[in-house]
Amino acid sequence: MPPSFTVSPCQDSEKNSYLQTLLASARPFLRGELESVDKNLPSLISVLRSVGAGECWHKHGSFLDHLVDIYRILKIWKAPDSVCLCGLFHSAYSNSYVNLAIFDPNTGRDVVRNHVGEAAERLIHLFCIVPRQPLIHDDLLFKYSDLELVEHLKASELSLRNAEEKGLFNGEESWRKKLASLLPASGITVKNIKSGEDVLVPRRIVAVFLLMTMADFSDQLFGFQDLLFENLDGRLEFSGNNFGALWPGDGKPGLWLNSISRMGAIYSLIAREEEVFIEERKRAGGIEVDKERDEDIELVMAPVFENCTKVVDAGGQVEARNMYWEAVYDTSKGGLERAEELLLSSIEKNPFVGEPHVVLGQFYMTKGRFEEAEREAEKGVRLLLEWGSPWDKRMSWEGWVAWARILLMKAREKSWPQTSWGILNLGLVK
């Protein structure tokens, strides 16, 4: 059992305020009030529906569902409008991962541009012609060890503080030198996957594509891809080739958290290097914003992995997933008491997803341990809202959020049904 602790009224107020802010961002999506997010969003979704996106398969649902989910995640992460719209149309011309060209890239660019605007269409087109798998994995992720990323995150935080507060700049720092060698300030040249021509991808756009890939992977990956690529160690290096894996598999949560936590760490390094780079230029009398470098596109920090500052251990992730699965799927070995032990251990090894907290909260509710239930339900709601997508994809994100909010509400009321019919009677979220 975790140690008891006291939360001050100030801390409690701040936590509740943050949770309410998250709910305010998520509520239009939970209620289907998409026009309140963007007055053009319903019509944009209708465009995607009219060209058949809802009929196309996509990993754990339809392509249309996936596109809307990515928009939702990016919006909750406070990404700029052009980036969110790129997420909504991100594979519309097909890309290096999937063949889903619902718009002809030779004739449909004007059509897409008329719908989403020039800035978003530029991102969409670029996203669809770059070799994203080698760019993100071979050229960036696989060049760093987990330990190196952790060390560079610490060093970059200090460098940024020195730049902003003291005007100190050192381009010879190891984290800056390595990043510049992989991704220079001028950007990186790759081959157009369709024409073979050289394409310059600005450094900030690489960062945007990292953020989008985090959202993309979090929405679509589950246990099926682990079977497909034989991802036994949780590093998701796409080295296996089990093409006979039967979809959808057993529905286990996927082992993708190490991979996208590494993406988030590199995204943070790029964002910090960009801030240092721009600060040094401004102090030397240079321009405030260089639009040629896409500096008008804000590099927001996704709230996951403590604002992209933590790297999930691959092995610990596997253990955490397996303990969670045993707790929710096989209680025959030790009953509910064993489930509590498994869930606590799972959370200790992987504290970055909400579902284990939610399930543990329900366990505490059945035992009448309302304060513990409230704590776990609150953590579960917060993490689910921060992600904007479920880790355990057997249920929808909306379903998980609603169930977690019911647990939180009932824990605060110190009330829980004592019959099976009473459980089925739950549903109203106040």
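Just checking the listed ones, 240, 108, 285: in the Gaussian network model of the chain with Cα springs under 10 Å, the one fluctuating most is 285.
Close amide H contacts of residue 58 (hydrogens built in the peptide plane, cut-off under 5 Å, sequence separation of 5 or more or a different chain): 63. Using a probe radius of 1.4 angstrom, the carbon and sulfur fraction of the accessible surface of region 31-171 is 49%.
Residues of region 315-402: accessible area per residue at 1.4 Å, in Å²?
Details: 3270 Å² over 88 residues.
Roughly 37 Å² per residue, with all protein chains present.
Order 412-418, 172-178, 382-388 from most to least packed using the mean count of other Cβ atoms within 10 Å. Don't skip to the end; give the middle numbers.
Details: 412-418: 13.0, 172-178: 14.7, 382-388: 24.0.
Packing proxy ranking, top to bottom: 382-388, 172-178, 412-418.
Put simply, the amide H of residue 201, placed in the peptide plane, has neighbours under 5 Å in 188, 189, 190, leaving out anything fewer than 5 places away on its chain. Rounded to the nearest 0.05, what FRET efficiency is calculated for residue 409 and residue 331 with R0 set to 22 Å and r the Cβ-Cβ distance? It comes out at approximately 0.30. Only Cα sites of the chain enter the Debye sum here, all with the same form factor; the resulting log10 I(q)/I(0) across q = 0.08, 0.11 1/Å is -0.48, -0.91, listed in q order. The GNM of the chain, with springs linking C-alpha atoms under 10 angstrom apart, assigns the highest mean-square fluctuation among 352, 222, 238 to 238.
Per residue of the chain, what 222 nm ellipticity follows from adding -39500 (n - 2.57) for every DSSP H run with n ≥ 4, rounded to the nearest 500?
Details: 18 runs with 244 residues, N = 430.
Value at 222 nm, helices only, nearest 500: -18000 deg cm²/dmol.
Taking 144, 324, 71 in turn, the Gaussian network model of the chain (Cα-Cα springs below 10 Å) assigns the largest fluctuation to 144.
I'd like to verify something in the chain: which complete DSSP H helices, judged by Cα projection on the helix axis, reach 15 Å or more and average at least 0.5 on the Kyte-Doolittle scale? Kindly include the intermediate steps, with their values, before the conclusion.
Numbers: long enough: 9-31 (31 Å, -0.60); 63-76 (20 Å, 0.86); 118-129 (17 Å, 0.90); 146-166 (30 Å, -0.70); 203-220 (26 Å, 0.69); 257-283 (39 Å, -0.33); 314-329 (22 Å, -0.44); 335-349 (22 Å, -0.19); 355-366 (17 Å, 0.22); 370-387 (25 Å, -0.73); 397-413 (24 Å, 0.04).
Passing helices, by number: 63-76, 118-129, 203-220.
Rolling a 1.4 Å probe over the protein chains gives residue 338 an accessible area of about 80 Å².
Counting only protein heavy atoms and using a 1.4 Å probe, what share of the accessible area of region 226-275 belongs to carbon plus sulfur, as a whole percent? Kindly include the intermediate steps, with their values, before the conclusion.
Details: 1110 of 1970 Å².
Here it works out to 57 percent.
Solvent-accessible area assigned to carbon and sulfur over region 284-416 amounts to 47 percent, based on a 1.4 Å probe. By the rule of a C-alpha distance below 17 Å, with chain neighbours fewer than 8 residues away ignored, the aspartates and glutamates paired with residue 39 are 81.
Enter the accessible area per residue of region 172-236 (Å², integer; probe 1.4 Å; all protein chains in place).
38 Å²
Label-to-label distance, residue 233 versus residue 110, with points set 7 angstrom from Cα along the beta-carbon direction: 5.2 nm. Straight Cα distances below 28 angstrom link residue 282 to the lysines 78, 154, 166, 177, 178, 291, with same-chain residues fewer than 8 positions distant left out.
The values are calculated or read from the model by the stated rules, or taken from the named source; none is laboratory data. Owing to the predicted nature of the structure, the values given are computational and were not obtained by experimental measurement. Note: ideal-geometry Cβ built from the backbone for every residue, glycine included; neighbour counts use all protein chains shown. The accessibility values were calculated without ligands, DNA or RNA, using every heavy atom of the protein model including side chains. Shrake-Rupley method; radii C 1.70, N 1.55, O 1.52, S 1.80 Å.
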